[in-house]
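As structure tokens, the structure follows; a few thoughts come after it.
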Amino acid sequence: AMGAEDTATIPFTIARANAEHGNAVPKSLSLKLGAETPVRIGRAAGNDIIVDSRGVSQYHCELRVVELDGESAPQLCIRDLSMNGT
């Protein structure tokens with residue numbers, strides 16, 4: 001069985017599937033259990049993952065790893081921050 005120390009951090013890499021501009025360098029991030037700051041996704045420059053699409057809100061969503069009551073392992077929590085229902 002995995003202990004809490006094995007699941008406390010989730011590393012991941014974001015890469016664009018269609019890198020038409022040639023400057024799409026994969027970005028490595030990690031989600032840490034209980035971290036104060038989430039990974040944010042949206043159109044605005046202040047996000048960790050910037051999605052340049054009109055269908056995406058400036059601050060679209062955030063990702064966190066949390067422990068939920070009754071669950072044996074940490075869970076990925078995706079919080080909708082969009083203002084227009086996208």
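Rule-based calculations on the coordinates, nothing more; no lab input. Computed from a predicted model, the values in this text were never measured in an experiment. Backbone-built Cβ (ideal geometry, glycine too); neighbour counts: all protein chains shown.
Between Phe12 and Gln58, the modelled label-to-label distance comes to 2.5 nm, taking each label 7 Å out from Cα in the direction of the beta carbon.
Take each peptide in 70-77, 38-45, 26-33, count the other Cβ atoms within 10 Å of every residue, and average; sorted highest first, the result is 38-45, 26-33, 70-77.
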